[in-house]
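*Asks:* There's a structure below that I have some questions on.
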Amino acid sequence: MTSRKPISIRIWRRATAFFPGAPKAWATIRFSPKASRWVADERWHSKQEGRFLDDGRYELRVPYSNARELLMDVLRYGPDAEIVSPIPLREEAKIQLQLALSNYESWSNRFVSRAETGSREAPRLWPAARPVRP
């Protein structure tokens, strides 16, 4: 009897073409020239369609059944990916990105810029430590 190693879910998803189940819709995603060479080699779905555009970007058409899974895979490319269609999926990506950005916007108010202090030092990212009294 041979023992089998457990397979990771990530490997299983790639081996079974990412999105199991009957496709509900098709998504069109454009990737920057920087990401295009990596994306062109990925297998997102057995029925995917991809092409390089004249400007070096890569356009991928992929069927999907679970919008959340597709969004997780697309958003990992950050600014190098843009969902073109369908519009509801594009809007959901926009909402997720705005929520992520809001985590950083509220934090940015915690330090003061050089212009505001007139200092030549770089702005502090962390509050200044208080001196310890003996």
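*Asks:* Would you check if Ser85 is within 18 Å of the chain's Cα centre (by Cα) and among the polar types (S, T, N, Q)? Break it down into steps so the answer makes sense when it comes.
*Replies:* Working: within 18 Å of the chain's Cα centre (by Cα): yes; among the polar types (S, T, N, Q): yes.
Answer is yes for this residue.
*Asks:* In this structure, is Glu49 surrounded by 10 or more Cβ atoms within 10 Å (Cβ to Cβ) and at pLDDT below 95? Working first, answer last.
*Replies:* Values: surrounded by 10 or more Cβ atoms within 10 Å (Cβ to Cβ): yes; at pLDDT below 95: yes.
Against the criterion (surrounded by 10 or more Cβ atoms within 10 Å (Cβ to Cβ) and at pLDDT below 95), Glu49 qualifies.
*Asks:* Sticking with this one: Count, please, the residues in segment 55-103 that happen to be in a helix (DSSP H, G or I), farther than 14 Å from Ala25 by Cα and either without any contact (Cβ under 8 Å) to a residue 24 or more places away in the chain or not hydrophobic (A, V, I, L, M, F, W, C) (or both). Before the answer, list the steps.
*Replies:* Taking segment 55-103 and keeping what is in a helix (DSSP H, G or I), we get 67-75, 78-80, 87-103.
Subsequent filtering for residues that are farther than 14 Å from Ala25 by Cα retains 72-75, 78-80, 91-103.
With either without any contact (Cβ under 8 Å) to a residue 24 or more places away in the chain or not hydrophobic (A, V, I, L, M, F, W, C) (or both) added as a condition, the list becomes 72-73, 75, 78-80, 91-103.
Count: 19.
*Asks:* Moving on. Being assigned to a loop (DSSP other than H, G, I, E, B) and not basic (Lys, Arg) is the filter; apply it to segment 45-54 and report the residue that is farthest from Ala93 (Cα to Cα).
*Replies:* Quick first cut of segment 45-54, residues assigned to a loop (DSSP other than H, G, I, E, B) only: 45-48, 53-54.
Right, trim to not basic (Lys, Arg) and you get 45-46, 48, 53-54.
Working: His45: 20, Ser46: 24, Gln48: 20, Leu53: 23, Asp54: 25 Å.
Looking at the filtered set, the residue picked out is Asp54.
*Asks:* Looking at segment 56-79, which of its residues are surrounded by 17 or more Cβ atoms within 10 Å (Cβ to Cβ) and out of contact with any Leu (no Cβ under 8 Å at 6 or more places or on another chain)?
*Replies:* Arg57, Tyr58, Leu60, Arg61, Pro63, Asp73, Val74 - these are the residues of segment 56-79 that are surrounded by 17 or more Cβ atoms within 10 Å (Cβ to Cβ) and out of contact with any Leu (no Cβ under 8 Å at 6 or more places or on another chain).
The values are calculated or read from the model by the stated rules, or taken from the named source; none is laboratory data. All of these numbers come straight from a predicted model, not from anything done at the bench. Please note: Cβ atoms are built from the backbone with ideal geometry, for glycine as well, and neighbour counts cover all protein chains shown.
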